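The next block holds one structure in the form of C-alpha cells; read it before the comments.
Please treat every number below as a calculation from the coordinates, not as lab data. Just so we're clear, the structure is a prediction, and the values are computed from it rather than from any experiment. Note that each Cβ is placed from the backbone with ideal geometry, even for glycine, and that neighbours are counted across all protein chains shown.
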Amino acid sequence: MFIETEDTPNPLSMKFIADRAVLGLGADGRPAVGMDFPNAATAAASPLAMTLFDIDGVAGVFLGADFVTVTKAEGTDWAHVKPAILGAIADFLAAGVPVIDSKAAAPARKPATSLDEYEGDDREIVEQIIELIDTRVRPAVAADGGDIAFQHFEPRTGVVFVSLHGSCSGCPSSTMTLKAGIENMLKHYLPEIARVEAVA
C-alpha cells in the first residue's frame, strides 16, 4: 500500500492520495462527488472517517474518489498526527473494508436543484454550467484536496450557487479561487453568468 501526501492551499488540511480507490467512480462513471465529515458527530456513515477521528488532533475528514483530505485542529502539529493518519488509511484500505457503511445515514448535503426545474434556454445554461464544473473545475479542485458541486442557478440574477468541500471549505484562498478562477471561467463561456457564490 502506497500513500502519497500533498500540502493543500489550506494550511490546516493535508491530502492523502492512495494507490487505490477511496470512493471511486459514481454511477455515471465519473469520479464520485466527495463526502465531507466536518466533525466526528457526522462520521457515522464512514468507518474510515470514524477511524481517523479517533486520532487526537483530527478535526475534519473529506473522502474523494482516490484521496482523503484530513483537516487538523488549530495548534496541532502535522509531525504529530501525520504518521498516525498514514497508518490508519493504509491499514483500512489494505483490509478491504468498505469506506462507506451503506446502512448508516450519509451526512446531510443540500441537494442540487434538479435539471427538471429549468426549462428552455435556462436548462441549456444549467447543463453547460454543470459540464464546465465537472470537466474544468472539479479536477483542479480535487488536485488541492477538495471538491465542488453545483447547487442552483438563478436565471433572473445570473447567480450560480456552488458548495465547496474538503480542503476548500474554510480555506483562506477559497474566495479568490471562487471569484478569480471559477467565476471568471464560467463568465467567459456563459455571458449569462453574473457571479458565483458559495453556499454552506
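Fully extended, how many nm does the chain gain between Ala21 and Asp77 (0.36 nm per residue separation, minus their Cα-Cα distance)?
On the way: separation 56, 0.36 × 56 = 20.16 nm, distance 2.77 nm.
So the extension gain works out to 17.4 nm.
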Checking rank on 49-59, 187-197, with mean other Cβ inside 10 Å and highest first, the result is 49-59, 187-197
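In which sequence would Ser102, Ser163, Ser13 go, from the one with the fewest C-beta neighbours within 10 Å to the one with the most? All intermediate terms of the calculation are to be shown ahead of the outcome.
Details: Ser102 7, Ser163 20, Ser13 24.
Lowest to highest Cβ neighbour count: Ser102, Ser163, Ser13.
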Can you compute the modelled spin-label distance between Leu115 and Ala95, with each label point 7 Å from Cα toward Cβ, in nm?
4.0
